[in-house]
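The block underneath contains the structure these notes are about, expressed in C-alpha cells.
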Amino acid sequence: MSKQNRFEHSADPLGMSNEAFRQLGYRIVDMVVDRHREKDREPAIAEQSPEWFAAQLSQVLPVAGQPIEPLLSQLADSVLAYQQHGDHPRYFARVPSPASYAAILGEWLATGFNTISTSWGGGAGPAAVEKLVMTWLAELLDLPQNSEGVLLSGGSMANFTAFAVAKHERGLGTVYLHEQTHSSLKRNLQNLGFADTQIRVLPCNWQFAFDLEVLRSAIEHDLQAGNQPMMVVASAGTTNTGTVDDLQAISALCQQHALWLHVDGAYGAPAYLTERGKVVMQGLSLADSVVLDPHKWFFQPYDVGACLIRHPGALERCFGMYPEYLKDSQGEHALNFGNRSLELTRRSRAVKLWLSMQTYGTDAMAAGIDVGIDLALYAQSIIEASERWELVTPAQLGVVCLALKGARDGQHAIMAHRLAESGYACVSSTTLAGRSVLRLCTINPLTTTEDIDQTLSRLLEFAG
Ligand SMILES: Cc1ncc(COP(=O)(O)O)c(C=O)c1O
C-alpha cells in the first residue's frame with residue numbers, strides 16, 4: 001500500500017510550496033546570470049547613505065508576511081547593488097574576489113542541503129570533503145601530506161586560528177611582525193593574550209619586506225634580555241605591495257632559534273601554483289602554519305579562508321572539547337571539524353572548493369592566477385611609459401603602486417574617490433613609508449588591458 005509523500009506539495013517548515021521554491025530558484029539563477037552578464041556596465045563600487053536605505057527599506061518589523069517577488073527585486077535594486085563588487089573587472093581596490101561559477105554553484109548546493117561540517121557523526125560527507133580539500137591545498141603548497149587544516153570565514157579568522165594553535169603548542173612568547181603585516185594579525189595576537197610588549201612590529205627594508213638583520217638582532221636582543229622569542233609571522237604577499245618575505249632565510253632563522261614560522265598568504269599564497277609565484281615563495285613549504293584565502297585569489301565567493309597546520313593533531317589539541325552531549329555525534333573516525341577552531345556549528349565551505357577544483361582543475365586556476373600577475377606587469381609598463389605617473393613599487397603578485405608626479409597632499413585619495421564615484425573603476429589609495437600612493441590589485445582574469453588603460457587615464461583626468 002503506497003502512502004502519499006507528505007512533502008509532495010511543500011517541504012518548507014513555514015509553508016512555501018515546492019513548486020514556488022523551484023520557480024523562485026530558477027528566477028534567482030536568472031537574476032545572478034543576468035547580473036554577471038551585465039557586470040561590466042554596473043559600477044565597480046556603489047554606496048548610499050543610511051538615510052537613503054532607511055527610506056528604501058521599510059523599518060517596520062514584518063509581523064505579517066508578504067509576496068516574495070517584490071522583495072527579490074528590492075534586494076537586487078536597493079541592497080545588493082550597493083557594495084564593492086569584488087568580482088567586477090575594474091574593481092582593483094583592496095583585494096578583489098573574482099568568484100567562479102562552479103564555486104557559486106557549490107555554495108548554493110551546500111546551502112540548499114543545509115550542510116553541516118562539525119562532526120563525523122553528524123556530517124561525515126562534508127567532513128570527508130573538507131579533509132580532502134585541505135589535503136589538496138597542502139599538496140599545492142608543497143606542505144607535508146599529513147598537514148591538517150580547517151576552513152574559516154577568511155584571513156582574519158584563519159590567522160587567528162593558526163596563532164591560537166602556535167600559542168597552544170609553544171606557549172606565550174615574543175612574536176615578530178613587520179610594518180606591512182596585515183593589521184588584523186596584530187589584533188589577533190592582542191586578543192589571544194599576547195601583551196603589547198610581546199608583539200614586535202619591526203621596520204621593513206626598502207622593499208617593504210622583513211629586514212633580516214633587523215629581525216635577527218631583535219630575536220637576539222630578546223634572548224639576551226631573558227624574553228622568550230616564540231613565533232615569526234612572515235607574509236607571502238602583503239596587502240599594500242604584494243611583497244613576499246624571504247621565506248627561506250626566515251625559515252632558517254626560525255629553525256636556528258626553534259621558533260614557529262607562520263606565513264600569512266591570505267591573498268598571495270594561491271600564486272604558489274604558478275611558476276613565478278613558486279620562485280618568490282620558496283620556503284613556504286617549511287612553515288609551521290600557512291593561511292590562504294580562497295575568496296581572494298582562488299575563485300571562490302565570500303567567505304572562505306584556509307588555515308593549514310604542519311603538525312598533525314595540533315589543531316585538535318588546541319580546540320578539542322568532548323562534552324557528554326556531543327559524544328554521540330563525534331563518530332568513530334575522530335574527524336571533527338568542530339574541534340579544529342572556535343566554530344562548532346559550521347557550514348561546509350569545502351563543497352564549493354571541491355566542486356570548483358574538480359570542475360576547472362588546478363591547472364586552469366593557476367592559469368587564471370597567471371593572468372592577474374601579467375595584468376599588474378602590464379599596468380607597470382603603462383605607468384613607466386607615462387610622463388605623469390611614477391612607479392612606486394613594481395608589479396608583485398598582481399599588485400602595483402604608483403604616484404602622480406608632484407601630487408598634492410590628499411590628491412591621490414580624491415582621485416580614487418572620484419573614480420569610484422564615477423562607477424567606472426575602483427582603486428585604493430594607501431600610504432607607503434609615509435608617502436601617499438595609489439594601488440591597483442589586478443587579480444581578476446576578466447580584466448582586460450583596455451580596462452587598465454582606461455582606469456589609469458581616467459585617474460589622470462580626475463587629477464585635474
Ligand atoms: C595579507 C592579508 N592577510 C589577512 C587579511 C584579512 O583577511 P579577511 O579580510 O579575509 O579576514 C587580508 C585581507 O585583505 C590580507 O590581504
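The values are calculated or read from the model by the stated rules, or taken from the named source; none is laboratory data. Just so it is clear, the model here is predicted, and its values are computed rather than measured. A quick note on method: Cβ atoms are made from the backbone with ideal geometry, for glycine too, and the neighbour counts reach across all protein chains shown. For accessibility, only protein heavy atoms count, side chains too; no ligands or nucleic acids. Shrake-Rupley method; radii C 1.70, N 1.55, O 1.52, S 1.80 Å.
Under a point-charge model restricted to the Cβ atoms of Lys and Arg (+1) and Asp and Glu (-1), what is the dipole moment magnitude of the range 331-464 relative to its Cα centre, in debye to the nearest 20?
560
Per the Debye formula with a single identical scatterer at each Cα and no solvent contribution, what log10 I(q)/I(0) holds for the chain at q = 0.09, 0.10, 0.12 Å⁻¹?
Here the Debye-derived log intensity ratios amount to -0.67, -0.82, -1.13.
Please list, in order along the range 48-63, the HN-Hα scalar couplings obtained from phi with the Karplus expression 6.51 cos²θ - 1.76 cosθ + 1.60 (θ = phi - 60°), rounded to whole Hz, x for Gly and Pro.
Once θ is set to phi - 60°, the couplings for the range 48-63 become 9, 7, x, 5, 4, 5, 4, 6, 7, 10, 3, 8, 7, 4, x, 5 Hz.
Could you calculate the contour length gain from Arg408 to Phe7, that is, 0.36 nm times the residue separation minus the distance between their Cα atoms, to one decimal place in nm?
137.7 nm
Quick one: if the Förster radius is 22 Å, what FRET efficiency do Gln74 and Glu421 give, using the C-beta to C-beta distance and rounding to 0.05?
0.35
So, counting K/R as plus one and D/E as minus one, what does the shell of residues with Cβ under 15 Å around Glu421 add up to?
Around Glu421, the surrounding residues sum to 0.
Quickly estimate the mean residue ellipticity at 222 nm for the chain, helices only: each DSSP H run with n ≥ 4 gives -39500 (n - 2.57), and the total goes over all residues, rounded to 500.
Estimated from H runs of four or more residues: -13000 deg cm²/dmol.
In nm, to one decimal, how far is the Ala225 label point from the Leu105 one, both placed 7 Å along Cα→Cβ?
Simple spin-label model gives 5.7 nm for this pair.
Going by average Cβ neighbours within 10 Å, how do the peptides 143-152, 263-272, 65-74 rank, with the highest at the top?
Result, highest mean Cβ count within 10 Å first: 263-272, 143-152, 65-74.
For the range 364-463, what class follows from the C-alpha gyration tensor (a ≥ b ≥ c being the square roots of its eigenvalues): rounded when a/c is under 1.5, otherwise prolate if a/b is larger than b/c, else oblate?
Prolate is the answer for the range 364-463, as a/c is 1.5 or above and a/b outweighs b/c.
Give the shape of the range 1-77 as rounded, prolate or oblate, defined through the alpha-carbon gyration tensor: a ≥ b ≥ c are the square roots of its eigenvalues, a/c under 1.5 means rounded, and otherwise the shape is prolate if a/b is larger than b/c and oblate if not.
oblate
Report ³J(HN,Hα) in whole Hz for each residue of the range 9-15, in order, from the Karplus equation J = 6.51 cos²θ - 1.76 cosθ + 1.60 where θ = phi - 60°; Gly and Pro get x.
The phi angles translate into 8, 8, 10, 8, x, 10, x Hz.
From Cα pairs below 8 angstrom and at least 6 apart in sequence, can you work out the relative contact order of the chain, rounded to a whole percent?
21
May I ask you to give the solvent-accessible area per residue for the range 163-267, in square angstrom, as obtained with a 1.4 angstrom probe?
40
Show me the ranking of peptides 455-462, 358-365, 158-165 by mean Cβ neighbours inside 10 Å, starting with the highest.
158-165, 455-462, 358-365
Grab the Cα-Cα distance for Glu461 and Leu14, subtract it from 0.36 nm times how many residues apart they are, and report the gain in nm with one decimal.
Full extension of this stretch gives 155.5 nm more.
Filter the chain for me: DSSP H helices, axial length by Cα at least 24 angstrom, mean Kyte-Doolittle hydropathy not below 1.0. List them by residue number.
none
What does the extension gain come out to for Trp52 and Val279, with contour length at 0.36 nm per residue minus their alpha carbon separation?
That works out to 76.8 nm of additional length.
Which order do peptides 226-234, 248-256 fall in by mean Cβ count within 10 Å, highest first?
For the peptides 226-234, 248-256, the packing ranking is 226-234, 248-256.
Would you please state which residues of the range 99-130 a label at Ala364 would reach in this model, taking the label point 7 Å out along Cα→Cβ and a backbone N cut-off of under 12 Å?
100-103
Apply the a/c threshold of 1.5 to the C-alpha gyration tensor of the range 204-363 and tell me whether it is rounded, prolate or oblate.
Oblate, since a/c reaches 1.5 and b/c is not below a/b.
To make sure I understand the rule: partners must be lysines, Cα under 26 Å from the Cα of Lys186, and not fewer than 8 residues away in the same chain. Which ones qualify?
Lys167, Lys296
Accessible area of the range 105-362 with a 1.4 Å probe: how many percent of it is carbon plus sulfur?
It is 54 percent, rounded to a whole number.
Given a Förster distance of 30 Å, report the FRET efficiency between Arg170 and Leu132 from their Cβ-Cβ distance, rounded to the nearest 0.05.
According to the calculation, E is roughly 0.55.
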